[in-house]
C-alpha cells in the first residue's frame, strides 16, 4: 500500500471535523477528587504570590478582551490591545469620549473574567469540557489579531499553544481537568483583581484605573464602582461554584 498524500485543504478539513466532533461530544463528569483538586490548584495560583504574578496574565487577557468586545458592541472602533510584562494591559478604542458606550467599555473589564468563567462553568456542568477548551482557543485567536505589542503576542500565543496542545493530544481526563482548572481560576482570580485595584487606589496610584475613569464619566465615586465590581465577581464566583458542583453530580 502507498501512503496517502493529504493536501493542505484535506488536512484543514480533517482538523475541522475533529474540532466539530470534539465540540459536539459530551464528556463524563469529573470525579470529586478532580473537581476538588483543580479547585485547590486554582486557589494556590490565586493566593501564592510567585504563581499569581505569572498566572495573572490570564486574567488580564480576559479583562482586556472584555473591554474590546463591549467597545465593538457599542459601536466604538477598536485600535488594538497591549499586554505588558507586569500583567497590566491597555485596550485602545476610538469613539465618543463620554456617553453610554464609553461607560460600558470601561465597566466591562473587571467583570469579564467572571463572565468567561461562568460561561465555561455552564458548559462544564453540561458535560462539554472540550467545547469550553475550543471556545477558549477561538477567543484567543480573535484577540491575537488585535494585539499590538510583542509581549502581548507572546502571552496569547503561549496560552493558545497550551490549550490547543491539551485539546488535541492529551488524554480525555486531562482535557476535563484543564477545563475545570481554567474555569476555577477565572472565577477565583477575578475578586483578587478587584482587591488589587482598591489597594492601588488607596495608595493614590489609581487615577487612570477603570473605576476612576468611570467616576469621571458618571460622577459616581470610584469606590462605589469598586464595590460593584466586587459584588459581581464574588457573586459570580459563588454561582460558578454551584454550577460546577451540580455538574459533578450529573450523570454522563
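Data overview
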item: Condition met for residue 71 (crowded, with 24+ Cβ neighbours inside 10 Å, in a helix (DSSP H, G or I) and in contact with a helix residue (DSSP H, G or I) (Cβ under 9 Å, 6 or more places away or on another chain)); result: yes
item: Residue satisfying condition, being touching a helix residue (DSSP H, G or I) at 6+ places or on another chain (Cβ under 6 Å) and at pLDDT below 95, within set 117, 206; result: 206
item: Those residues of segment 229-246 which are touching a helix residue (DSSP H, G or I) at 6+ places or on another chain (Cβ under 8 Å) and either under 13 Å from residue 106 (Cβ atoms) or surrounded by fewer than 18 Cβ atoms within 10 Å (Cβ to Cβ) (or both), in sequence order; result: 229, 230, 234, 239, 241, 245, 246
item: Answer residue from segment 1-16, given it is surrounded by 10 or more Cβ atoms within 10 Å (Cβ to Cβ) and farther than 19 Å from residue 165 by Cβ and is modelled with the lowest pLDDT among those; result: 6
item: Which numbered condition residue 128 misses (of (1) under 13 Å from the mean Cα position of the chain (by Cα); (2) crowded, with 22+ Cβ neighbours inside 10 Å); result: (1)
item: Where residue 93 falls short, out of the listed (1) buried (at least 16 other Cβ atoms within 10 Å of the Cβ); (2) at pLDDT 95 or above; (3) touching a strand residue (DSSP E or B) at 6+ places or on another chain (Cβ under 8 Å); result: (2)
item: Filter result (assigned to a helix (DSSP H, G or I) and surrounded by 13 or more Cβ atoms within 10 Å (Cβ to Cβ)) within segment 196-215; result: 196, 197, 198, 200, 201, 210, 211, 212, 213, 214, 215
item: Hits in segment 113-122 - residues which are touching a residue at least 24 places away in the same chain (Cβ under 8 Å) and surrounded by fewer than 23 Cβ atoms within 10 Å (Cβ to Cβ); result: 115, 118, 122
item: Residue list for segment 141-191, restricted to those being under 21 Å from residue 31 (Cα atoms), in contact with a helix residue (DSSP H, G or I) (Cβ under 9 Å, 6 or more places away or on another chain) and free of Cβ contacts under 8 Å to residues at least 24 places away in the same chain; result: 170, 174
item: Selection within segment 148-195 - buried (at least 21 other Cβ atoms within 10 Å of the Cβ), in contact with a strand residue (DSSP E or B) (Cβ under 7 Å, 6 or more places away or on another chain) and more than 27 Å from residue 21 (Cβ to Cβ); result: 152, 155
item: Residues within segment 38-54 that are under 16 Å from residue 177 (Cβ atoms) and in contact (Cβ under 8 Å) with a residue 60 or more places away in the chain, tallied; result: 6
item: Scope segment 25-36; condition in contact (Cβ under 8 Å) with a residue 60 or more places away in the chain and not in a loop (DSSP other than H, G, I, E, B); matching residues; result: 32, 34, 35
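The values are calculated or read from the model by the stated rules, or taken from the named source; none is laboratory data. What you see is a predicted model, and the numbers here were worked out from it, not measured in a lab. In this analysis, Cβ positions are derived from the backbone assuming ideal geometry, glycine residues included, and neighbour counts consider all displayed protein chains.
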